[in-house]
Amino acid sequence: MRLEAIQRETQQRWEAGNFLEHVEIPPYEELNLLWVPYEDYMQAQQIRVVPGEIGELHIRFQAGTAEDKYMHVHPDSDRVITVLLGSGTFVAVRNGEEIRLAIQAGDRLWMPRGTVHNFFAGEELIVHSVHSPFVPFEDPLCFVRQK
């Protein structure tokens, strides 16, 4: 998919309320890539991370942790997130209301840029995250915390 197509589809799915789907995935097999620290409680495997292009990462949350203690947004990047292993909760603000969804392996979330959200891991949670476009972790617009 191209950047524009992902942006269009994430926005359409979000607005229509069909942003969560369940897809068949093969059993999770860890990639032979280095896990790098991401924030204080996560790790990421950077599969394809060229700034400005479609990026792919695996992100691991340790059991009982949150992506961040604050809700946050990705102002310049749409996300398509597929749970590869584990379970948790996706929390977001949609149409001014907080939603909480239990997520598990095979669940895919389509989330447009600017969506206030967070993830909480119940057990270890590993997701495949498509960033459209990829914004480097150190870029201040990678994510913006909400208080």
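None of the figures in this text is laboratory data; all of them are computed from the coordinates on show. Keep in mind that this is a model prediction, so the values were computed, not measured. All Cβ positions, even for glycine, are placed from backbone atoms using ideal geometry, and neighbour counts span all protein chains on display.
Hydrodynamic estimate: the Kirkwood radius of the chain over Cα pairs, inserted into Stokes-Einstein at 20 °C and 1.002 mPa s, corresponds to D of 141 µm²/s.
Each of Leu34 and Val93 was given a label point 7 Å from its Cα along the Cα-to-Cβ line. The distance between the two points is 3.7 nm.
The GluC sites (Glu not before Pro) found in region 60-145 that occupy coil by DSSP, while having at most 14 further C-beta atoms within 10 Å, are Glu123, Glu138.
Length gained on full extension, Leu101 to Phe120, computed as 0.36 nm times the residue gap minus the Cα-Cα distance: 5.8 nm. Computed from label points 7 Å out along Cα-Cβ, the spacing between His22 and Glu53 is 3.5 nm.
Estimated at 0.36 nm per residue, the fully extended path between Arg145 and Tyr41 surpasses their Cα-Cα distance by 35.9 nm.
Scalar couplings 3J(HN,Hα) for region 90-105, obtained by applying the Karplus form with A = 6.51, B = -1.76, C = 1.60 to θ = phi - 60°, are 9, 10, 8, 9, 10, 6, x, 10, 6, 10, 10, 10, 5, 10, 8, 3 Hz; x denotes Gly and Pro.
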